[in-house]
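Following: one structure in structure tokens, then a few remarks.
The values are calculated or read from the model by the stated rules, or taken from the named source; none is laboratory data. Note that the structure is predicted; figures quoted are calculated from it, not measured. Surface accessibility is based on the protein's heavy atoms, side chains included, excluding ligands, DNA and RNA. Shrake-Rupley method; radii C 1.70, N 1.55, O 1.52, S 1.80 Å.
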Amino acid sequence: MEKFKKYINEIKDFPNEGIVFKDINPIYKEPKTWNELMMPLQKLISTTKPDYIAGIESRGFISASALAFKNEIAFIPIRKPNKLPGKVIGVNYKLEYGEDRLEIQQNSIKKDFKVIVIDDLLATGGTAGAAGKLIREVGGNLIGYAFLVELTELQGRKKLDSKLFIESLIKY
Ligand code: AMP
């Protein structure tokens with residue numbers, strides 16, 4: 001997976017001072033490379049057979065919806081505050097850079113159906129942890145997480161349920 005790092009740009013002090021932002025957009029402009037990178041996640045979906053793939057706004061939507069569409073699996077958006085209509089459940093969480101809140105539509109998941117959460121990058125784990133909490137609060141059976149990139153030094157995995165699978169493709 002090291003070979004994919006040349007498609008990731010590092011932008012210093014974005015969006016805040018002290019953050020080295022990993023820009024993975026160049027991967028999406030190389031369809032064959034993106035496809036090759038995603039193969040382990042494709043296999044993971046085939047073996048774990050989730051009923052839903054949940055993507056975290058907004059960069060998580062890209063790969064989550066691509067996998068959902070390809071595999072004909074339902075897609076669920078987990079979004080920033082005040083974006084989803086109807087009854088929503090929300091949770092506040094800490095970010096590597098600040099604080100935020102995520103929301104999910106209340107009736108989005110059939111009880112005990114299997115859900116995998118996908119995001120572009122795992123940093124401190126606050127975002128993914130909050131998304132997992134939301135899945136459980138609306139009655140879903142959270143089976144695991146998948147990320148394109150993991151910043152291992154930040155130990156985000158420790159914030160996630162260790163009984164679940166936590167897959168990441170490119171590790172820093
Ligand atoms: P965290 O909650 O700390 O695990 O942060 C993960 C979320 O913030 C993901 O949705 C990422 O898109 C974004 N994020 C955090 N740190 C970075 C970074 N260094 N580069 C790119 N995205 C980041």
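Per-residue 3J(HN,Hα) values for the range 56-64, derived from phi via the Karplus relation 6.51 cos²θ - 1.76 cosθ + 1.60 with θ = phi - 60°, read 9, 4, 10, 5, x, 4, 4, 6, 4 Hz in sequence order (x marks Gly and Pro).
Taking every C-alpha pair closer than 8 Å and separated by at least 6 residues, the mean separation divided by the residue count of the range 34-116 gives a relative contact order of 29 percent. Solvent-accessible area per residue in the chain equals 53 Å², computed with a 1.4 angstrom probe and all protein chains kept.
How high is the relative contact order of the range 1-153, in percent, with contacts defined as C-alpha pairs under 8 Å that are six or more residues apart? It would help to have the intermediate numbers written out before the result.
Working: 267 pairs, mean separation 28.3, N = 153.
Here the relative contact order equals 18 percent.
All C-alpha pair distances within the range 47-171, sorted into 5 Å bins from zero, spread as 2, 12, 23, 27, 21, 11, 3, 0 percent across the bins.
Counting only residues at least eight positions apart within a chain, or on another chain, the aspartates and glutamates with an alpha carbon under 17 Å from that of Lys111 are Asp51, Glu137. Ordered from highest to lowest accessible area with the whole protein assembly present and a 1.4 Å probe, Arg79, Arg157 read as Arg157, Arg79.
Counting protein heavy atoms only, the range 47-171 has 48 percent of its accessible area on carbon and sulfur, 1.4 angstrom probe. Phi angles of the range 104-119 translate, via the Karplus equation with coefficients 6.51, -1.76, 1.60 and θ = phi - 60°, into HN-Hα couplings of 9, 6, 4, 9, 7, 10, 6, 3, 6, 6, 7, 10, 10, 9, 10, 9 Hz per residue; Gly and Pro are given as x.
For the range 1-74, the convex hull drawn through the C-alpha positions has a volume of 106 cubic angstrom per residue.
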